[in-house]
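Okay, so here's the structure we're looking at.
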Ligand code: FE
Ligand code: FE
């Protein structure tokens with residue numbers, strides 16, 4: 001689809017996010033499994049549940065637009081998840097704190113990508129006169145921001161600290 005106006009672009013980016021979130025749902029159980037600290041494990045599990053809700057919000061928006069959410073492949077998230085999986089494999093024999101630090105680094109790349117994308121579509125939704133969409137997108141944006149902050153806290157509180165001693 002060749003975007004000719006902001007509405008087309010909006011749809012394209014929403015489809016991209018729908019594909020991204022669907023891939024994140026598939027990737028998160030691997031993160032849960034790979035996490036060594038119970039807190040990090042719980043954090044990923046919680047975010048998996050949130051991500052399912054985020055997909056539902058996107059589906060609500062698409063049905064309001066009378067459009068299908070399918071049809072776009074998010075190459076950005078494919079690359080980020082690919083690197084994350086590589087990181088999991090590379091740190092499988094590393095000390096727990098080191099592999100958790102690597103997992104957090106990968107997860108934060110995902111969150112920052114999502115934060116950028118949701119910020120954009122939320123603003124576009126407002127410009128297109130779709131405040132209900134904007135409110136749903138804002139909710140998701142807040143969840144992505146919260147998990148990002150939580151990951152930073154986890155990294156700062158113990159993971160990086162332990163990695164320093166283990167090196
Ligand atoms: Fe998400
Ligand atoms: Fe997320």
- Query: For residue 107, are the conditions met, namely being assigned to a helix (DSSP H, G or I), closer than 19 Å to residue 36 by Cα, within 16 Å of ligand 1 (Cβ to nearest atom) and out of contact with any strand residue (DSSP E or B) (no Cβ under 7 Å at 6 or more places or on another chain)?
  - Reply: yes
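Answer yes or no: is there a residue in the range 18-30 that is more than 16 Å from ligand 2 (Cβ to nearest atom) and either in contact with a helix residue (DSSP H, G or I) (Cβ under 7 Å, 6 or more places away or on another chain) or at pLDDT 95 or above (or both). Steps first, please.
Residues of the range 18-30 that are more than 16 Å from ligand 2 (Cβ to nearest atom), as a first pass: none.
No, that holds for no residue.
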- Message: I'd like to check something: does the range 51-69 contain any residue that is surrounded by 13 or more Cβ atoms within 10 Å (Cβ to Cβ) and not in a helix (DSSP H, G or I)?
- Response: yes
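Only one of 82, 90 is surrounded by fewer than 20 Cβ atoms within 10 Å (Cβ to Cβ) and out of contact with any helix residue (DSSP H, G or I) (no Cβ under 8 Å at 6 or more places or on another chain). Can you tell me which?
Numbers: 90 fails: out of contact with any helix residue (DSSP H, G or I) (no Cβ under 8 Å at 6 or more places or on another chain).
When all the criteria are applied, what remains is 82.
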- Could you tell me whether any residue of the range 87-102 is modelled with pLDDT of 95 or more and within 16 Å of ligand 2 (Cβ to nearest atom)? no
- Task: Name the one entry in 135, 101 that is outside any loop (DSSP other than H, G, I, E, B) and either touching a helix residue (DSSP H, G or I) at 6+ places or on another chain (Cβ under 7 Å) or within 16 Å of ligand 1 (Cβ to nearest atom) (or both).
- Result: 101
- Item | Close pairs (7 angstrom Cβ cut-off, 6 or more residues apart or separate chains): on the phi < 0 side of the Ramachandran plot and touching a residue at least 12 places away in the same chain (Cβ under 8 Å) in the range 32-52, crowded, with 18+ Cβ neighbours inside 10 Å and assigned to a loop (DSSP other than H, G, I, E, B) anywhere | 44/35
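The values are calculated or read from the model by the stated rules, or taken from the named source; none is laboratory data. The model shown is predicted, which means the values in this text are computed figures rather than measured ones. Counting neighbours? That spans all protein chains shown, and the Cβs are built from the backbone with ideal geometry, glycine included.
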